[in-house]
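The values are calculated or read from the model by the stated rules, or taken from the named source; none is laboratory data. In this text the structure is predicted, and so the values were computed from the model without any measurement. Note that we place each Cβ from the backbone using ideal geometry, even for glycine, and neighbour counts take in every protein chain shown.
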Amino acid sequence: MIILFSLSEILDYKIADIPLINILTFIFIILVAFALGKIISLNIKRALKDKLQKNTVKTLEKSIYYISIIIGFVVALPQIGVSLSGLLVAGGIMGIVLGFASQTVVSNLISGLFLLIERPIEIGDGINIGDTSGIVKDIKILSTTIRNYDGIYVRLPNDKVFNSTIQNYVAHGARRFTYTVGIRYRDDAEKAMRIILSLLDKHSFVLKEPSSEIFVEELGDSGVNLSIRIWAPSVVWYSVYKELLWKIKVTLEENGIEIPFPQRVVWMKENIKK
């Protein structure tokens, strides 16, 4: 005897009081969750592999993958008769407890994600955050590591980094620095400026655009103060800063222009009657 079943009868067939259609839907949702988790985690890996350290990218990739699977199970469980009401109540209570216990962790996590999206800093940048200055060595999900200019590693929570004023010294390709150089009143200021400009023009790291500026900033008590504003590539500006100041001094002195010493003019009253 051949027994034929219609599609509706097959789908209505129950296993442990659960319709077959619900079981198939449950399996389908889980498979979709696995597939989406894999796709999303792979895209995150490709997007961040050159911006973060390998271990950080791997941790983020796995976290996204497992979160996708958990969401898939939560969506699929009602299909096999598992009520989420009890789980939601228990999860709500647990969430409140964990929320109070992990406010800082969650804040750092969210700030870390915003830092990855906005990218105000990158590994290798010279930065200043609050009272910490140095080179960015690592950007993780919860914290950022900076090596200060004394060689000490400083770990900053991402919450502090994201909510602080960030000075990025290398985000722009060029950086300006300024000297104030005094010359004597009897020296020719225009000649001094020509000599300095000629010295700057010959330096390979002094930029032509933006161009350097030299002008009389102040007529001081002991001499004429010249302000010298110089642009150099951000990656080498400090070495240029250290080198040029001494060269300016030596070159001016070779041309008979000296930096004045502090001086006072004292007027004596003559023929004071007793």
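Taking the numbered list (1) under 30 Å from D131 (Cβ atoms); (2) among the aliphatic types (A, V, I, L, M); (3) modelled with pLDDT of 90 or more; (4) in contact with a helix residue (DSSP H, G or I) (Cβ under 8 Å, 6 or more places away or on another chain) in turn, I146 passes all entries but (4).
V136 passes every criterion in (1) assigned to a helix (DSSP H, G or I); (2) surrounded by 15 or more Cβ atoms within 10 Å (Cβ to Cβ) apart from (1). Among the residues of the stretch 119-148, those identified as of a type outside the set (V, I, T) and under 16 Å from H172 (Cα atoms) are R119, P120, E122, G124, D125, G126, N128. With respect to the conditions (1) buried (at least 16 other Cβ atoms within 10 Å of the Cβ); (2) closer than 14 Å to R229 by Cβ; (3) among the basic types (K, R), R176 lacks only one, and its number is (1). Looking only at residues in the stretch 227-249 that are within 19 Å of M193 (Cβ to Cβ) and not aliphatic (A, V, I, L, M), which one is farthest from the chain's Cα centre (by Cα)? Of everything passing the filter in the stretch 227-249, K249 is farthest from the chain's Cα centre (by Cα). When S164, S234 are checked against the criterion of being surrounded by 15 or more Cβ atoms within 10 Å (Cβ to Cβ), among the hydroxyl-bearing types (S, T, Y) and either modelled with pLDDT under 90 or in contact with a Pro (Cβ under 6 Å, 6 or more places away or on another chain) (or both), a single residue qualifies: S234. Hey, can you tell me all the residues within the stretch 212-239 that are within 17 Å of D201 (Cβ to Cβ) and touching a residue at least 40 places away in the same chain (Cβ under 8 Å)? Listed by number, the residues that qualify are L226, I228, R229, I230, W231, A232, P233. In the set (1) free of Cβ contacts under 8 Å to residues at least 60 places away in the same chain; (2) assigned by TED's automatic domain parsing to the domain that holds Y241, I127 fails one condition alone, (2). Of the residues making up the stretch 211-226, those that are outside any loop (DSSP other than H, G, I, E, B) and under 13 Å from R194 (Cα atoms) are E213, I214, F215, V216, L226. Within the stretch 165-194, residues that are part of a strand (DSSP E or B) have Cβ atoms under 6 Å from residues that are among the polar types (S, T, N, Q) in these pairs: Q167/N128; R175/S234; T180/N225; T180/S227; G182/N225, counting only partners at least 6 apart in sequence or on another chain. In the list L226, L200, L156, which residue meets the criterion of being assigned by TED's automatic domain parsing to the domain that holds E122, at pLDDT 90 or above and surrounded by 14 or more Cβ atoms within 10 Å (Cβ to Cβ)? Criteria check complete, one pass: L156. Scanning the stretch 175-210 for residues that are within 34 Å of the chain's Cα centre (by Cα) and farther than 15 Å from L244 by Cβ turns up K208, E209, P210.
I'm told T144 meets every condition in (1) closer than 24 Å to V240 by Cβ; (2) assigned to a strand (DSSP E or B) except one. Can you identify the failing condition by its number? (1) is the only condition that T144 fails.
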